[in-house]
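The values are calculated or read from the model by the stated rules, or taken from the named source; none is laboratory data. Fair warning: this is a prediction, and the values are worked out from it, not measured in the lab. Neighbour counts run over all protein chains shown; Cβ positions are idealised from the backbone, glycine included.
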Amino acid sequence: MSTEKKYTFKDFKSDQEVRWCPGCGDIAIMNSVQKAMAQLDHNKEDYAVVSGIGCSSRFPYYMNTYGFHGIHGRAGVLASGVKAANPKLSVWQITGDGDALAIGGNHFIHEIRRNIDVNLLLFNNQIYGLTKGQYSPTSLLGQVTKTSPYGTIEEPFHPGELVLGARGTFFARSIDNKVKETTNILIEADGHRGTSVVEILQNCVIFNHGFYNHIVGKDVRDDNQIWLEHGKPMIFGKEKNKGLVIDGLKLKVVTIGEDGITEADILVHDEKEENPTLHMALINMQHPNFPTAFGVIRAVKKDTYDSLLEKQIEEVKAKSNILCMDDLLNSGETWTIE
Amino acid sequence: MEEVRLMKGNEAIAEAAIRAGVDGYFGYPITPQSEIIEYLMLEQPHLRTGMQVLQAESEVAAINMVYGAAGCGKKAMTSSSSPGISLKLEGISYIAASELPCLIVNVQRGGPGLGTIQPSQADYFQAVKGGGHGDYRLLVLAPASVQEMADFVDLSFELAFKYRTPVMILSDGVIGQMMEKVVLPPQKERLSNEELIKKYGSWATTGKPASRERNIITSLELKSERQEAHNHKLQAKYKEISENEVRFEKLNCDDAEYLIVAYGSSARISQKAMQIGREKGIKVGVLRPITLWPFPSDEINKLADQVKGILTVEMSAGQMVEDVRLAVNGKIKVEYFGRYGGMIPSPNEVIEALEQKLIGG
């Protein structure tokens, strides 16, 4: 493919009126996706944007690409079908915490386990927005919603934990309003072969406004976010002097310059490490004891379902005694009529 | 204690469920019926009666929770709207096959597929002809007012337990969302396990003391003879229901020369159309099926000897009209009028259709 810049992000905007609420995090995420697509090498006609049902699933209407607005919870299986039927497409699955983790929870883990080559964007706003404010599988324990007026009594899923539990090969996390960072993560996700899961914390201005303020608030964001980069030390904080170390079997936040800690003591991020232990610990870091981890947390190489299928066919062919029509006709039980 | 309130149809169902002594509600949000679970969650029925309310992870999960709870001999229910009901059909077929009582509420919206969130009656076939697999029937009640939304909850459970069969309330987005005065029934006590066993016998999973026979809830029978025998048993039950449970309402039918057959919100619209027709001098009556299965075929057949023509009015592309034609069996002309895909017919459209298709034509 040519390396010339073929598109601008505007080429990916459709003529449809965007009907998300003003200020919805989905709008910023869409900008990131369009910017990423403009930078990637694919031809525009090779993009397929597939969604299930929910606010986020309105995405395909606003993209000037082929689209598929599907069935609630089934975005992952629809995307799998699209990719299996037409492997040359760059398939972008748009899903939410309800679509992917409640009704679609089963499909979600199996899609990841198969490692189908799809970019899976999980918009996590910790609420059902389209049905107007009921709790979702990522709503926090005790969260007050329309169907939990006295607080939920259910433990939430951590999407990243599920991805690793399903033996996922790629997991990244971003925030809706971090357009530059999200764009770069999406470009990396597209380059990864396999199911690339990108969880994007997304503000629902109507039903769960500011749920992530403890992470994104101006005063706290530097101390409560850590942006991981492969090969770089895990350093964060306003003063860039906080870091993560291993203490026994757990992660620990330390301050460089205190208790004899130097930058050399700080963990270096390795997204390519196959052992998921540290990735899991990073994914599960939670406020207030830890910063929330963002960036590409895991990106390990593994065969995709599509490539293994192709490989298997070639192997079976190579070992087969049947190489031509005569071989086929003379195989199995044959006899001669005299 | 009876109580009069102004309520949405969906809220009336929820309140009536608490008052009917329902043991468990299992659901998943979907427009236009999310108020049912929202009302129940807010009302904290576990404090009022001990009733449990659970937001499941999907409609499939919810109907199977109902299957489990019904297997315990408990009053279990779920509610959804059209796409969600499609998801429940597997469970409904199994519940019917296992002969368990439960209530399924469908507040219909326009389809097919994701369709629209606006009202519709296009799930008639799905409700009365099976929907799920196999030779089973759902007893289907069609409320035409917020009052009936409330009244039919207890009635549904009475019928469900009497015949040990799933019952559906087939409503629509109009009745679910509109507000009307409703007289709420007095509170019924929930049954204890002991009362359950005494009342319903040994099928309920309530724990097995030495005095009770072992029972397995299943819908599987690999020996065809036995599977046929099980089907015979189901069919005998459906025959009994057909003979005893037909319900309908007749309005101005005594002197009618033309008849409108309509259920649910279409019946309300048709009632207004009837008034307009009568003012114009057209002698028109309305027959409103209350049970869609069993269908009031005999009554419609009788009326076919009296009237010149029948118009069915439904918010579908013409589904119930097939049952009306079967009932009439060619005696007179049966025409259909409807709007669909979320559109609602106006009374004037209905009477114009009647004039055009039956009188002028």
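Things to note:
- Residue within segment A:204-227 that is in contact with an Asp or Glu (Cβ under 8 Å, 6 or more places away or on another chain) and of a type in the set (A, V, I, L, M) present: no
- Qualifying residue in segment A:120-141 (condition: away from chain B (no Cβ under 14 Å), outside any loop (DSSP other than H, G, I, E, B) and over 25 Å from B:Ile37 (Cβ atoms)): yes
- Applying the condition of being acidic (Asp, Glu) and farther than 15 Å from B:Glu158 by Cβ to segment B:175-203 and asking which residue is surrounded by the fewest Cβ atoms within 10 Å (Cβ to Cβ) yields B:Glu194.
- Selection count where residues are in contact with a Lys or Arg (Cβ under 8 Å, 6 or more places away or on another chain) and either free of Cβ contacts under 8 Å to residues at least 60 places away in the same chain or not in a loop (DSSP other than H, G, I, E, B) (or both), scope segment A:225-251: 5
Yes or no, residue by residue, for (1) at negative phi; (2) over 17 Å from the mean Cα position of the chain (by Cα):
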position	(1), (2)
B:Glu249	yes, no
B:Gln271	yes, yes
B:Leu311	yes, yes
B:Asp323	yes, no
B:Gly330	no, yes
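- Test: residue in segment B:247-254 that is surrounded by 22 or more Cβ atoms within 10 Å (Cβ to Cβ), at pLDDT 95 or above and closer than 24 Å to B:Pro143 by Cβ: no
- Breaking point among (1) farther than 25 Å from B:Val261 by Cβ; (2) assigned to a loop (DSSP other than H, G, I, E, B), for B:Glu195: (2)
For (1) assigned to a strand (DSSP E or B); (2) in contact with a helix residue (DSSP H, G or I) (Cβ under 7 Å, 6 or more places away or on another chain), each residue gets a yes or a no:
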| site | (1), (2) |
| --- | --- |
| A:Ile206 | no, no |
| A:Gly210 | no, no |
| A:His214 | no, yes |
| A:Asp219 | no, no |
| A:Asp223 | no, no |
| A:Val253 | yes, no |
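- Flag for A:Lys180 being more than 14 Å from chain B (Cβ to nearest Cβ) and surrounded by fewer than 19 Cβ atoms within 10 Å (Cβ to Cβ): yes
- Sole residue being among the polar types (S, T, N, Q), assigned to a helix (DSSP H, G or I) and more than 18 Å from A:Ile215 (Cα to Cα), chosen from A:Thr183, A:Thr152: A:Thr183
- Among the strands (runs of 3 or more DSSP E) confined to segment B:1-120, the ones with at least 1 residues that are touching a Leu at 6+ places or on another chain (Cβ under 8 Å), among the aromatic types (Phe, Trp, Tyr) and within 14 Å of chain A (Cβ to nearest Cβ) are located at B:24-27.
- Put simply, of B:Leu141, B:Leu114 the only residue that is aliphatic (A, V, I, L, M) and surrounded by 20 or more Cβ atoms within 10 Å (Cβ to Cβ) is B:Leu141.
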